[in-house]
Each structure stands twice: as C-alpha cells, then as structure tokens.
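Read the structure below first, then the notes.
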C-alpha cells in the first residue's frame, strides 16, 4: 500500500481534506485569470500578488516538514507540487519562500515524479 491518504475517519484524513481544499480553491483556481486574454496587466499583477500571499502561507506551513502532512508523502503533495511548479512557468517569484522551494525540489527528486515529468515532456 502506498499510503497516499490517511485512514478514513481520522483527524489526519480531515487535515488532508483541508490541504486539498486549500490547493484547489486558493491556489489552483487563482491561476485562471492569468490565462484570460482580456485581463489587464494591472489586474494580473493583483492576481499574482494574491497568489504570492497564498504560497507564502503554504511556505510557512512547510517549515520543519518534508511534506504537507509532515513526513509522509500524500496525494496532497502530488497536487501541491503541481500547483507550486506553475509558479516557474508563470514567472511568479517565490525566491523568498525557502521552505516551498525546498519542498518543490524534494518532490521533484522522487523517481516517480521525474519519470512522469519526463514522459510529459516537462524535463529536458
């Protein structure tokens, strides 16, 4: 068993649900306006600043943790890594978020992640 999610009915499972909700509602959907061709540059800058605040919160939560839930990789990390990786593609500066940067590197170094990214043409 991969143990990608804590057992149903446990507080840890609810914490996982919190992370998945945060990732989908505060980060994932936050990128949508950046793809709107009618959005002004000023509006896009506002969107980027909001995303930076949300990623800043995520960065603070990662202090002292290997993964979002602690020491165990979960489905939330697969999602969190994906969304955090979009900052590179969208040129959103996260250089002040050292815990998030370390997290992205740690997840990217997982053999299965590297294999998947290579298969999708996301790595050279």
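Taken together, the values in this text are just the output of simple stated rules run on the coordinates, not laboratory data. Every value quoted in this text rests on a predicted model; they were computed, and no experiment measured them.
Before moving on, here are some points about what is shown:
- Short-range pairs are left out: with C-alpha atoms under 8 Å and at least six residues apart, the relative contact order of the chain is 24 percent.
- Its relative contact order, with pairs defined as Cα atoms under 8 Å and 6+ residues apart, puts segment 22-75 at 27 percent.
- Dividing the summed -39500 (n - 2.57) terms of all DSSP H runs of n ≥ 4 by the residue count of the chain sets its mean residue ellipticity at 222 nm at -17500 deg cm²/dmol.
- Projected-area mean, segment 11-119, by convex hull of Cα positions, square nanometres: 7.2
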